[in-house]
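The values are calculated or read from the model by the stated rules, or taken from the named source; none is laboratory data. All values derive from a computational prediction rather than experimental measurement. We place every Cβ from the backbone using ideal geometry, glycine too, and count neighbours over all the protein chains shown. For accessibility, only protein heavy atoms count, side chains too; no ligands or nucleic acids. Shrake-Rupley method; radii C 1.70, N 1.55, O 1.52, S 1.80 Å.
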Amino acid sequence: MNSVFVKMATLTRQDLNFGQVVADVLCEFLEVAIHLILYVREVYPIGIFQKRKKYNVPVQMSCHPELNQYIQDTLHCIKPLIEKNEVDRVVVVILDKEHHPVERFVFEISQPPLLSVSSDSLLSRVEQLLRASILKISVCDAILDTNPPGCTFTVLVHTRDVATRNMEKIQVIKDFPWIHADEQEVNMREPRLIPLKTMTSDILKMQLYVEERAQKIS
């Protein structure tokens, strides 16, 4: 019987511009995830959402132009940082009327400096893993307490040290500058940690979990 071997190549992140590949994949996923979080956690009325299909599963996406533009602008500004592997975490924070966080959906991101992949396996598992993460988000309301009425949201980006020093120089979109997060939006009283999904692939590792405030009603 003949043996079949697949030659594995060890590549740096610069080879074939893997940083851009990861940024494209991750920003597309984050856009879907943010929309779904806002729907599942009822931050906005369900009437502004429409059912669509992403990663071969049904999801809810906003059809509100201003909300969609904010999400797109945010991810457009994050994308260059992901390409350079300078993003540590992206956090979707749900805030109560007093702008105190009640939930934090945390996406911890890491990219391997060396990639051992075959041409067939580069992206083969990524869509399957992202689909599993989307499915976890879609049912997370079963394990989270109801939020108080009148909630809003914001997106925080935690960068690595090398990026932090240059953040003020980075302005991808005019009139959409980076600003330091308000401590009130970052810190949470007595959080409860709820793991949702861990994914590992050749090009990306990600941990998704929720930090939930113990007492949501003041």
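Modelled label positions at Arg89 and Gln20, each set 7 Å beyond Cα in the direction of Cβ, lie 3.1 nm from each other.
Once all protein chains are placed together, Arg52 keeps about 100 Å² accessible to a 1.4 angstrom probe. For Phe29, the accessible surface of its heavy atoms amounts to roughly 0 Å² (probe 1.4 Å, protein chains only, rounded to the nearest 10).
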